[in-house]
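Peer 1: Pasting a structure here, questions to come.
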């Protein structure tokens with residue numbers, strides 16, 4: 001391997017190594033790689049601009065703004081309080097809160113979900129005199145699980161949509177078959193049994209918690225409106241080129257303007273909290289992967305992967321799931337998924353099989369693998385950090401005792417269901 005292909009491979013390896021070592025500087029590391037690729041004309045600036053899925057960026061930015069205002073409205077915390085107050089015992093209350101966390105993470109970024117719900121779980125644990133550690137771990141891994149289920153759940157699902165041109169409805173039915181939403185729900189249902197088994201010993205009665213004051217119904221109505229508009233958008237934008245991002249940006253900015261009219265200080269704080277880092281991270285990822293595609297590096301990697309796994313679809317399928325779960329327990333799943341989707345597409349072509357179930361399986365594995373370790377996903381890191389503030393140190397082994405069985409049950413059931421309906 002020589003020339004542009006070798007240069008691109010070296011840049012990719014160095015960038016990925018930097019992502020693993022310096023997680024706090026991952027965006028800077030990626031942009032150094034982008035500059036290195038542009039400097040030798042692997043891509044022109046114009047090609048790099050067109051490599052970015054701006055529709056996906058619009059969806060991410062708009063949903064992030066909506067989620068911030070929705071969080072500040074008090075609705076998620078109010079629902080969590082009501083669920084706890086209607087439960088028979090502490091174990092059932094926390095299980096319902098974990099399931100609710102998964103539901104909220106369909107619309108709200110996982111870290112925000114943990115920050116919303118965790119204080120309720122900590123207060124419940126404090127009132128009955130038990131450790132909140134398993135409760136917060138359960139909330140974190142439940143919120144991570146649902147991210148890949150819908151278009152607006154998490155960046156990995158948006159990346160999946162951009163490559164396969166999937167609109168909002170395609171996450172439920174794609175090419176006439178049940179789509180990735182349903183394996184995620186199968187995984188959520190079965191892994192809830194793991195949490196029930198862990199929480200079953202907490203039989204203490206629930207003490208009443210005063211429901212959070214609801215600031216306004218407008219943010220909740222805005223979320224519902226966005227979902228309806230995204231469901232209708234394929235009528236006007238069947239190729240998933242522009243309308244989804246436009247809808248989310250218009251609604252997000254509109255809600256920020258509404259917030260600024262009511263409380264300028266709150267709007268300013270909201271904009272300061274906006275995750276610019278991830279936005280620029282996504283832009284750089286798209287450019288780096290496009291460079292790898294343009295020089296033929298993805299084709300070469302797909303050929304090597306097919307050579308190692310052979311032509312058996314089941315071997316390729318299981319290998320992709322296992323590799324994705326293992327790697328995403330230690331590395332960021334956004335660049336991994338972005339790199340692997342075109343590679344898996346090529347593998348499917350080489351073994352003469354439909355690549356869609358392989359891509360879904362890879363995304364499912366990468367989304368769930370982060371639940372294994374306390375540093376595998378941002379939500380896990382935040383949950384452990386909140387416990388540290390309470391004076392509780394969480395060991396890796398302690399996290400593994402919950403994260404490993406939860407992940408294995410979810411990926412085994414969800415992956416088996418996906419294979420059954422597609423293959």
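We did not get these values from a lab; they are worked out from the coordinates using the rules stated. Computed from a predicted structure; not experimentally measured. FYI the Cβ positions are ideal-geometry reconstructions off the backbone, even for glycines, and counts take in every protein chain you see.
Peer 1: Hey, what angle do you get for helix 313-328 against the long axis of the chain, alpha-carbon based, 0 to 90 degrees rounded to 10?
Peer 2: Taking Cα atoms only, the helix is inclined about 60 degrees.
Peer 1: Going by C-beta contacts inside 10 Å, put 49, 399 in order with the fewest on the left.
Peer 2: Fewest-to-most Cβ neighbours within 10 Å comes out as 49, 399.
Peer 1: How much length is gained on full extension from residue 14 to residue 235, taking 0.36 nm per residue of separation minus their Cα-Cα distance?
Peer 2: 75.3 nm is the gain from fully extending residue 14 to residue 235.
Peer 1: Any idea how far apart residue 322 and residue 203 come out in nm if each label point goes 7 Å out from Cα toward Cβ?
Peer 2: The modelled label-to-label distance comes out at 4.1 nm.
Peer 1: Quick check: the angle from helix 90-104's long axis to the longest principal axis of the chain, C-alpha only, nearest 10 degrees?
Peer 2: So the helix axis and the longest Cα principal axis differ by about 40 degrees.
Peer 1: Now, a different point. Once Rh is set to the Kirkwood radius over Cα pairs, what Stokes-Einstein translational diffusion coefficient, in µm²/s, holds for region 218-305 at a temperature of 25 °C and a viscosity of 0.890 mPa s?
Peer 2: The calculation lands on 151 µm²/s.
Peer 1: Note down the relative contact order for the chain as a percent, whole number, built from C-alpha pairs under 8 angstrom at least six residues apart.
Peer 2: 25
Peer 1: For region 275-380, max minus min Cα coordinate along each principal axis, in Å, sorted largest first?
Peer 2: 41, 31, 19 Å, listed from the longest principal axis down.
Peer 1: Right, something else. Hey, what angle do you get for helix 26-39 against the long axis of the chain, alpha-carbon based, 0 to 90 degrees rounded to 10?
Peer 2: The angle comes out at about 20 degrees.
Peer 1: While we're looking at this one, here's another question. Say we join alpha carbon atoms closer than 10 Å with springs in a Gaussian network model of the chain; which of 363, 344, 206 then has the biggest fluctuation?
Peer 2: Taking springs between Cα atoms under 10 Å, the residue moving most is 206.
Peer 1: Suppose we keep just the alpha-carbon trace of the chain; what are its Rg and Dmax in angstrom?
Peer 2: 21.5, 68
Peer 1: Could I ask something else about it? Provide, in order from the shortest bin, the percent of all Cα-Cα pairs of region 363-423 in each 10 Å bin, continuing until the bin that contains the maximum pair distance.
Peer 2: Binned Cα distances yield the sequence 22, 43, 22, 10, 3.
Peer 1: To the nearest 0.05, what FRET efficiency results for residue 50 and residue 217 with a Förster distance of 35 Å applied to their C-beta separation?
Peer 2: With a Förster radius of 35 Å, E is 0.30.
Peer 1: If you take the Cα Rg of region 180-250 and divide it by 2.2 N^0.38 Å, with N the number of residues, what do you get?
Peer 2: 1.77
Peer 1: Another question, then. For residue 131 and residue 395 in the same chain, what is the full-extension length gain: residue separation times 0.36 nm, less their Cα-Cα distance, in nm?
Peer 2: 93.7 nm
Peer 1: If you stretched the chain out fully between residue 35 and residue 103, how much longer would it get, using 0.36 nm times the residue separation minus the C-alpha to C-alpha distance?
Peer 2: Net length gain for the segment: 20.6 nm.
Peer 1: A follow-up question, please. Rank-order 75-82, 12-19, 105-112 by packing density, defined as the average count of other C-beta atoms within 10 Å over each peptide's residues, highest first.
Peer 2: Result, highest mean first: 105-112, 75-82, 12-19.
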